[in-house]
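Structure record follows, encoded as structure tokens.
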Amino acid sequence: MINFSHVTKVYAGGWVALEDASFEVQRGEFVLLTGASGAGKSTILRLLYMDETPDSGDVALYFQGDLAYHSAERMSSARRQTLRRRLGIVFQDFKLLHDRTVYENVALALRVADVPEARIKHRVYEVLNLVKLGPQARRHPHELSGGEQQRVAIARAMANEPYIVLADEPTGNLDPASSHEILRIFQDIHAAGTAVLMATHDYPLIDALPYRRIVLEQGRIVADGVPEPLNEEPLFLA
Ligand code: ADP
């Protein structure tokens with residue numbers, strides 16, 4: 001579904017944000033992208049949602065086995081917008097429209113995708129129920145907690161049935177209880193068959209998770225795999 005091959009990204013001023021990064025993500029996987037602040041996590045996500053292009057190497061996306069995007073191809077912004085709708089993107093700061101209701105925030109994602117008006121209401125409530133916010137549909141974002149606002153953002157990301165959810169530090173602004181709730185929702189989404197790629201350095205949150213981790217250090221992938229379970233045997237002290 002995702003193929004990153006020897007990708008290097010250099011920002012203005014010569015800053016190497018990503019160096020020779022290669023990895024693949026298969027359909028239905030749950031992958032954590034970890035590393036300290038500045039390690040290159042957001043850069044990987046921006047390359048995937050086509051907000052950046054690599055300086056060398058290739059980024060490719062496959063939807064249902066077919067090549068949907070290759071970073072070497074030139075693409076119209078309309079085409080890019082269409083492809084982006086099949087990536088459910090979730091940000092640390094939610095990016096909700098504050099002058100719209102919860103319902104409208106989600107409905108807008110469907111309207112811009114030309115979903116028929118008759119289907120929109122049904123789908124909005126479907127995804128709001130997924131994040132347990134159906135009853136809050138008529139509220140505005142400022143009437144919700146941070147965790148609830150992030151749940152609206154996840155509902156919006158799910159509206160167009162994405163092939164993969166890309167989440168960039170989705171719990172970065174939340175307390176531990178709300179963070180666990182958000183993680184739980186991503187786990188539900190994954191269990192229902194959608195791939196999830198979540199960038200995070202919220203180590204207490206992900207500590208015991210048996211998911212694959214791609215670990216970045218200063219723009220380089222230094223580990224990629226499922227962590228070994230901790231040895232549960234008690235320590236006997238003499
Ligand atoms: P992370 O998401 O792991 O915190 P980023 O991918 O945001 O890391 O950033 C990687 C490095 O690239 C950082 O050193 C950051 O300062 C730099 N960087 C990110 N975006 C830009 C940009 N638009 N211009 C210049 N440097 C950038």
### Query
Long-range amide H contacts for residue 7: which residues qualify at under 5 Å (H placed 1.01 Å from N, peptide plane, sequence gap of 5 or more or a different chain)?
20, 21, 22, 58
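What does the convex hull of the Cα atoms come to per residue for the stretch 1-74, in Å³? Could you put the intermediate results ahead of the total?
Details: hull volume 6.5 nm³, N = 74.
About 87 Å³ per residue, rounded to a whole number.
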### Summary
Between the residues 124, 187, 142, the Cα farthest towards the positive end of the dipole of the chain, that dipole coming from +1 and -1 charges on the beta-carbon of Lys, Arg, Asp and Glu, is from 124
#### Entry: the stretch 1-158: relative contact order in percent, alpha carbon pairs under 8 Å with at least 6 residues between
19
### Query
Can you put 103, 11 in order, fewest other beta carbons within 10 Å first?
11, 103
### Message
Let me spell out the model: positive unit charges on the Cβ of Lys and Arg, negative unit charges on the Cβ of Asp and Glu, origin at the Cα centre of the stretch 57-194. What dipole size does that give, in debye rounded to 20?
### Response
440
### Message
Calculate log10 I(q)/I(0) of the chain for q = 0.08, 0.09, 0.12 Å⁻¹, where I(q) comes from the Debye formula with a single equal point scatterer on each Cα and nothing for solvent.
### Response
-0.32, -0.40, -0.70
### Task
State the three equivalent ellipsoid semi-axes of the stretch 1-41, derived from the C-alpha gyration tensor as the square roots of 5 times its eigenvalues, in descending order and whole Å.
23, 13, 6
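Give, in whole angstrom and from largest to smallest, the semi-axes √(5λ) of the equivalent ellipsoid of the stretch 143-238, with λ running over the eigenvalues of the Cα gyration tensor. Numbers along the way, then the final one.
Values: eigenvalues 154, 62, 39 Å².
Each semi-axis is √(5λ); the values are 28, 18, 14 Å.
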### Summary
In cubic angstrom per residue, the convex hull of the stretch 100-151 built on its Cα atoms measures 70
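Determine Rg/Rh for the stretch 1-129; Rg is computed over alpha-carbon atoms and Rh is the Kirkwood hydrodynamic estimate from the same atoms. Mind dumping the intermediate values first?
On the way: Rg = 16.8 Å, Rh = 16.7 Å.
With Rg and the Kirkwood Rh in hand, the quotient comes to 1.01.
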### Task
Could you point to the residue in 57, 5, 68 farthest towards the positive end of the stretch 1-121's charge dipole, with +1 and -1 charges on the Cβ of Lys/Arg and Asp/Glu respectively?
68
#### Entry: Solvent-free Debye scattering, log10 I(q)/I(0), computed from the Cα coordinates of the stretch 60-158 at q = 0.12 Å⁻¹
-0.44
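Between beta-carbons, use under 10 Å as the cut-off and find the net charge around residue 45, counting Lys and Arg +1, Asp and Glu -1. Could you put the intermediate results ahead of the total?
Details: positive: 41, 46; negative: 51, 52, 168, 169.
Combined, the nearby Lys, Arg, Asp and Glu give -2.
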### Query
In terms of modelled amide H atoms, which long-range or inter-chain residues lie less than 5 Å from the amide H of residue 69?
61
#### Entry: Sorted by Cβ neighbour density within 10 Å, fewest at the top, the residues 41, 95
95, 41
### Query
Taking the highest mean first, how do the peptides 144-152, 179-187 order by number of other beta carbon atoms within 10 angstrom per residue?
144-152, 179-187
### Task
Go ahead and set up a Gaussian network model of the chain, Cα springs under 10 Å, then flag whichever of 201, 142, 190 fluctuates most.
142
#### Entry: Assigned charges on the beta-carbon of Lys, Arg, Asp, Glu; the chain dipole about Cα centre (debye)
1080
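Laboratory data are not the source of any read-out in this text; all were calculated from the coordinates shown. Just so it is clear, the model here is predicted, and its values are computed rather than measured. Here the Cβ is made from the backbone with ideal geometry for all residues, glycine too, and neighbour counts use every protein chain on show.
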